[in-house]
Structure formats: C-alpha cells, structure tokens
Amino acid sequence: MSEKYYLPVLYTEEERKKYAEWGIKKERFLMPFAVITIIVDLIVIIETGVVLFKIREREPYFSAFLSTYGGLINDIAYGVAIVLTALLIKPLDMILDMVYKKPQEPQMLCLTPTETGVRYMLSRGVYVLSSGTLNWNDWESAVSEETNEIHIGDVIYRIGFNMIESIYPKNKQHAWMDRPEEKVENSIHLKTISRNFRGYLLSLEEKKKEVEWYDK
C-alpha cells in the first residue's frame, strides 16, 4: 500500500479576508450571548452551593451526606451549566453559519508517490477539484522546500494550517474565534516529504536490482 500525505493548503489572500470578515461579524453577534451564558453558568453553580450550604445549616446530618456525595453533586451542577451553554450557543452558532454564509473550507492536497511520479489530488471537503501526476523531474522543479510551496499548473499552493494567527488581524486573534478544522497526522513540511520520496525511489531501485539478480 502506497504512503499518502495529506497537506492543508493555506487560504489565498482573498479567501483569508473573506473568512476573517465572516468570523469577526459572527463574533460581534455571539459575544453578548456568550457573556449571558457565562453569567447563567455562574448562577447555576453558585445557587447549587448556596442551597447545599443552607441545607447543611438546617440539617446537621447532611454534612455526612455531602462528604460522600458532594463531588457528584458538583459534577452534576457543572454538567447542567455545560448543557445550558450548549442549548444556547450551539444552535445559534449553526444558525449564524447559515445566515452569514460560512466561507468554504480550505483545500487539501493529497500526494502519493508512484513509480512514474507523484500523484496528486486537490480537494475541498468531499469534492475533488483536480488530480493528476507530476513525473519525478517535474516534482523536483515544482517544490519549493524553503517556502513550503508546490507549483502545479499555473497555481502555487502554499502548504500550512489555516490558524487564528494566519487568518485574523492581530487585534482579533482571540482563542474563541472560528477557524477551519484541519486534522492531519502526517508531516506537512515539503522538505521532509521530499526526503521520504527520495527514500521511496531508492527502495524501488533496490527492488529492481533484486529482481534483476534473481533473473540472472
């Protein structure tokens, strides 16, 4: 089975601006609701503590009960607060994605080494945008290890994760801002991938020599 490399493609400047504008607009609308949710969560947790304290003051035996089940009660109170948060924020978040027209997810480039060259497939979500094969000579000239870019056809694809820091202006780089979900387990550094591809070619040469030796 051939090795595969899945590489996230950085947004173009136009795509980045569009995503940033969408994320900032959404944050402005959601922020008041997020503050309300935090206040509700605090009220739930504080009220739970106040009620338990009053019961303990009125019923002395309740202290023993709290020592046994106090942790569980706190967990339940915290769970209720989380549920309230999800019931308020999550549906609103989904509605805003539709109303404000969430931008497209970033492109993903899949590379697979073969005997004839590197097979590539460019996709966005479940949709394949283009595919083809770069022979090994073309691969060497298409890759820029220093800038982590691949030149395919007339387009230069910059490889990297689309993070908060690469999307939003500095004054909007908050941890809660929306960002694309890009889950990649392999290396995204073209220098490393190129080195692995050279190892792949060497292994093909070794296999070829073994076959020739057995044929003799």
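The values are calculated or read from the model by the stated rules, or taken from the named source; none is laboratory data. Note that this is a predicted model, so its numbers are computed, not measured. Glycine also receives a Cβ, built like all others from the backbone with ideal geometry; neighbour counts cover every protein chain displayed. Protein only, heavy atoms only, side chains kept; ligands, DNA and RNA dropped before computing areas. Shrake-Rupley method; radii C 1.70, N 1.55, O 1.52, S 1.80 Å.
If the condition is being open to solvent by less than 70 Å² (accessible area, probe 1.4 Å) and either among the hydrophobic types (A, V, I, L, M, F, W, C) or within 12 Å of SER166 (Cα to Cα) (or both), then region 1-11 contributes LEU7, VAL9, LEU10, TYR11.
When ASN137, ASN148 are checked against the criterion of being modelled with pLDDT of 95 or more and out of contact with any Ser or Thr (no Cβ under 8 Å at 6 or more places or on another chain), ASN148 stands alone in meeting it. Scanning region 137-165 for residues that are of a type in the set (S, T, N, Q) and in a strand (DSSP E or B) returns a single hit, SER144.
Note on region 93-136: residues that are under 26 Å from GLU205 (Cβ atoms), assigned to a loop (DSSP other than H, G, I, E, B) and open to solvent by 60 Å² or more (accessible area, probe 1.4 Å) total 2.
Of the residues making up region 185-200, those that are in a helix (DSSP H, G or I) and either at pLDDT below 90 or open to solvent by 60 Å² or more (accessible area, probe 1.4 Å) (or both) are LYS191, ARG195, ARG198. Any chance region 160-169 includes a residue that's touching a helix residue (DSSP H, G or I) at 6+ places or on another chain (Cβ under 9 Å), among the small types (Gly, Ala, Ser) and within 20 Å of LYS26 (Cα to Cα)? Checking region 160-169: at least one residue is touching a helix residue (DSSP H, G or I) at 6+ places or on another chain (Cβ under 9 Å), among the small types (Gly, Ala, Ser) and within 20 Å of LYS26 (Cα to Cα). Screening region 148-184 for residues that are open to solvent by 80 Å² or more (accessible area, probe 1.4 Å) and in contact with a strand residue (DSSP E or B) (Cβ under 8 Å, 6 or more places away or on another chain) and picking the one that is farthest from GLU15 (Cα to Cα) gives HIS151.
Out of GLU47, GLU15, one residue alone is on the phi < 0 side of the Ramachandran plot, of a type in the set (D, E, K, R) and modelled with pLDDT under 80. It is GLU47.
Figure legend. Inter-residue proximity from region 19-31: first residues in contact (Cβ under 8 Å) with a residue 12 or more places away in the chain, second residues part of a helix (DSSP H, G or I), beta-carbon distance below 6 Å, spacing 6+ or different chains. Indicated pairs: TYR19/ILE167; ALA20/ILE167; ILE24/LYS172; LYS26/LEU96. Considering (1) touching a residue at least 40 places away in the same chain (Cβ under 8 Å); (2) of a type outside the set (Phe, Trp, Tyr); (3) over 16 Å from PRO8 (Cα atoms); (4) in contact with a Ser or Thr (Cβ under 7 Å, 6 or more places away or on another chain), the lone condition that SER194 does not fulfil carries the number (4).
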